[in-house]
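Chemist: Shown below is the structure under consideration.
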Amino acid sequence: MAVPNGWSRGVSVLRMHSPCLPLRTGCTALPRSFASTASHEHTHTRDAGQGTSRFNWAALGAFAVAGAGLLAHHVIASEPVDYDAVRKDIEALLEDEDYDDGSFGPILVRLAWHASGTFNIFDGTGGSNGATMRFNPEAHDGANAGLDVARHRLEPIKRKYPGITYADLWTLAACVAIEFMGGPVVPWQPGRLDKKDGSHCPPVGRLPDAAKAEDHIRAVFYRMGLSDREIVALIGAHCLGRCHTNRSGYEGPWTHAPTTFSNEFFEELLHNKWTERKWKGPVQFENAPSKELVMLPTDMALLHDKEFRKWVEAFANVRVGAWMCVYGAAER
């Protein structure tokens, strides 16, 4: 495949087709036009058994938040937008003691990830560009249950800044949330467009099904052009938030600090004894003996699959900054 002008050959195929991924880490080169001037990078160097790599752990979640899809170059908004002011307003609405664990941060990350995770590298459809989750059938995809809460939370900002597109607002909100919850500064650039109706929605079924195993995980993430290492790093975003029976059908948090961006998900997954929960809901696992935390079948698949497990072990046993690099680099 020919490499487009301005792209490094070290960049994944996904990035070639998804220039809206506004990540700039020590791991891979991205076009200058999409790089932020942000200077804060949480980097760490370690020997992963495949040579020395620079990882910016929290940076791979940036794929999840910044989004897959096609970015229109040099798009001029309908009116100027003060993005620094937008960031401040997003920060102001994150914390709320009456909601979940006291923060809307995790669900804003989930919103951007689910908007992005429909991307198809083979035909360029899906992804964050378009913000098609505003329409059916995507809005009522069972995998997106509860995300209306996140969309509604951001509506006052959209009304205040009508020049920002929903696609940009959703991805920026997740970047801000990750930073606010202790993750890295995620470089971000505007330019995504909004589609006008549901005819542009990706097919239902592109998002991961938590009830399935490693073959399904690979089918979903390989469709986005991601490697096993990047898959495991992205699933590590389960350090945030919790499951709700009225949304996914599952129940409980993955970690003891569900509003803190960390590598605790990998530590808990690897170092706890997990037993199947006896209840009337779908199959999920709980830590013994306390039964305070949850893991889903897709999480457990990371332990059972040899290639996935080696990355779980790597991310559980490195400094947080190291996982953060892979989380955003999404390089091959």
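Chemist: Of all helices (runs of 4 or more DSSP H) completely enclosed by the stretch 104-218, which ones contain at least 1 residues that are of a type in the set (Lys, Arg) and out of contact with any Leu (no Cβ under 7 Å at 6 or more places or on another chain)?
Modeler: 147-160
Chemist: Six or more apart or on different chains, Cβ under 8 Å: which pairs go from a residue in the stretch 175-199 that's crowded, with 17+ Cβ neighbours inside 10 Å to one that's in a strand (DSSP E or B) and modelled with pLDDT under 95? Could you list them?
Modeler: Pairs that qualify, where the first residue is crowded, with 17+ Cβ neighbours inside 10 Å and the partner is in a strand (DSSP E or B) and modelled with pLDDT under 95, are 184/57.
Chemist: Still on this structure: Failed condition for residue 210, given (1) open to solvent by 10 Å² or more (accessible area, probe 1.4 Å); (2) within 18 Å of residue 113 (Cβ to Cβ); (3) modelled with pLDDT under 95, with all others met?
Modeler: (3)
This table checks each residue for (1) out of contact with any His (no Cβ under 8 Å at 6 or more places or on another chain); (2) of a type in the set (Asp, Glu); (3) at pLDDT 95 or above; (4) open to solvent by 30 Å² or more (accessible area, probe 1.4 Å).
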| residue | (1), (2), (3), (4) |
| --- | --- |
| 84 | yes, yes, yes, yes |
| 96 | yes, yes, yes, yes |
| 100 | yes, yes, yes, yes |
| 114 | yes, no, yes, no |
| 117 | yes, no, yes, no |
| 126 | yes, no, yes, no |
| 131 | yes, no, yes, no |
| 152 | yes, no, yes, yes |
| 163 | yes, no, yes, no |
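Chemist: What residue, of 183, 236, 191, is touching a His at 6+ places or on another chain (Cβ under 9 Å) and closer than 22 Å to residue 260 by Cα?
Modeler: Only one candidate qualifies: 183.
Chemist: Moving to a separate point now. With (1) under 19 Å from the mean Cα position of the chain (by Cα); (2) open to solvent by 60 Å² or more (accessible area, probe 1.4 Å) as the list, and residue 217 as the residue in question, which single condition is left unmet?
Modeler: Unmet for residue 217, out of (1) under 19 Å from the mean Cα position of the chain (by Cα); (2) open to solvent by 60 Å² or more (accessible area, probe 1.4 Å): (2).
Chemist: Those residues that are open to solvent by 50 Å² or more (accessible area, probe 1.4 Å), among the β-branched types (Val, Ile, Thr) and touching a residue at least 60 places away in the same chain (Cβ under 8 Å), I need them from the stretch 226-284; list them, please.
Modeler: Result: 260, 283.
Chemist: In the stretch 172-219, what residues are closer than 20 Å to residue 110 by Cα, touching a Ser or Thr at 6+ places or on another chain (Cβ under 9 Å) and of a type in the set (D, E, K, R)?
Modeler: 192, 194, 206, 209, 212
Chemist: So, one more: With the requirement that a residue be open to solvent by 70 Å² or more (accessible area, probe 1.4 Å) and either under 21 Å from residue 233 (Cα atoms) or among the β-branched types (Val, Ile, Thr) (or both), what does the stretch 285-305 give you?
Modeler: Across the stretch 285-305, the qualifying residue is only 304.
Chemist: In this structure, does residue 90 turn out to be more than 21 Å from the chain's Cα centre (by Cα), at pLDDT 95 or above and either open to solvent by 40 Å² or more (accessible area, probe 1.4 Å) or not small (Gly, Ala, Ser) (or both)?
Modeler: no
The values are calculated or read from the model by the stated rules, or taken from the named source; none is laboratory data. This is a predicted model, so every value here is computed, not measured. Every residue, glycine among them, receives a Cβ derived from its backbone with ideal geometry; neighbour counts consider all protein chains shown. Ligands, DNA and RNA are excluded from the accessible area calculation, which covers all protein heavy atoms including side chains. Shrake-Rupley method; radii C 1.70, N 1.55, O 1.52, S 1.80 Å.
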